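Chemist: Below is one structure. I have some questions about it.
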Amino acid sequence: MESWKTFKKKIEKSQVGHKADLYARLIIWKISAPITYLLVRTPITPNQITVFQEIIGAIGAFCLAFKDIKYSLLGVILLQIGYIFDCVDGEVARYKGLSSVRGVYLDLIGHQFVIPMYLFFVGVGVYLRTGHLEAIILSFLSAIFVLRTDLFAMLSVVNTMLGKSENANYNYKVLLKQFPDFRKVSDTVFKPRKGWKWVIRKKFSYPDSMNILSIAVIAECIFPCFSIFGYEIVPTYVFVLIFGTVIPLGRILSYIKNFKNYNTEKLFLKIVESAKKVEIKSQDE
């Protein structure tokens, strides 16, 4: 049996290149590694771990909908446990050489359920505790607009224009003539993940949004209610107010920008070109 010290070095090496904040590196990975050390000795597969963490996450999200803040505390604890196993499934997959596109697909499906769930149910809990109806409206908007509908739509475009070969008069060659400078799309759409703008945007995505929610719930357990200009609010309401405003506005502005700059057409061309490069490379190998 491989020693813990040797195993730990392999896990740390496999984590190189994975973008994560200090919280994940200093805390979550320190917890996930020992769990991975135990699971790699079992027949449990990475995909089974993925399904498990998605179920835990969904249950945790649902706990946020109760009136008693103690259930919300349980909910964020379960969400954090789900986050730990979200790291474990990848570690097990890399260690056993079982990394796959299907595994990533399954993982992302879970994110599309769990993230909107905790964004919405926290608003339900806030409404039950405070009576602020706008909390449900804002949480619903954040849950809807957090979904990457722009990318889903683009994949549907690729499927329609390439997979089904529909609309022959509006295909890759036609677009290439209309947008010969489409390669510049990498400067506008595929922006490098760095800089203060990326830091701010990251706070509204998983797992940062979940961590901020956890802080809000813990704060509410300590400071149940406070007043601003005579308006009684709770910490989780502040979370709902910020996320329920910023996420929808950010997504709508993104839609407008893509249409205004023809980024949808350029992105389609970029996807096709990237696919061709991969095909040529695979043929050469």
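Chemist: Please find, within region 53-76, the residue that is surrounded by the fewest Cβ atoms within 10 Å (Cβ to Cβ) out of those that are more than 23 Å from LEU108 (Cβ to Cβ) and in contact (Cβ under 8 Å) with a residue 60 or more places away in the chain.
Modeler: By that ranking, first place goes to LYS70.
Chemist: Just one of (1) in a helix (DSSP H, G or I); (2) in contact (Cβ under 8 Å) with a residue 60 or more places away in the chain; (3) in contact with a helix residue (DSSP H, G or I) (Cβ under 8 Å, 6 or more places away or on another chain); (4) not polar (S, T, N, Q) trips up ILE81, so point out which.
Modeler: (2)
Chemist: Here are the criteria: (1) of a type outside the set (Ser, Thr, Tyr); (2) in a loop (DSSP other than H, G, I, E, B); (3) surrounded by fewer than 17 Cβ atoms within 10 Å (Cβ to Cβ). Tell me which single one LEU108 does not satisfy.
Modeler: The one condition LEU108 does not meet is (2).
Chemist: Out of the residues in region 200-254 that are surrounded by 13 or more Cβ atoms within 10 Å (Cβ to Cβ) and in a strand (DSSP E or B), state the one that is modelled with the highest pLDDT.
Modeler: It comes out as ILE233.
The values are calculated or read from the model by the stated rules, or taken from the named source; none is laboratory data. Fair warning: this is a prediction, and the values are worked out from it, not measured in the lab. FYI the Cβ positions are ideal-geometry reconstructions off the backbone, even for glycines, and counts take in every protein chain you see.
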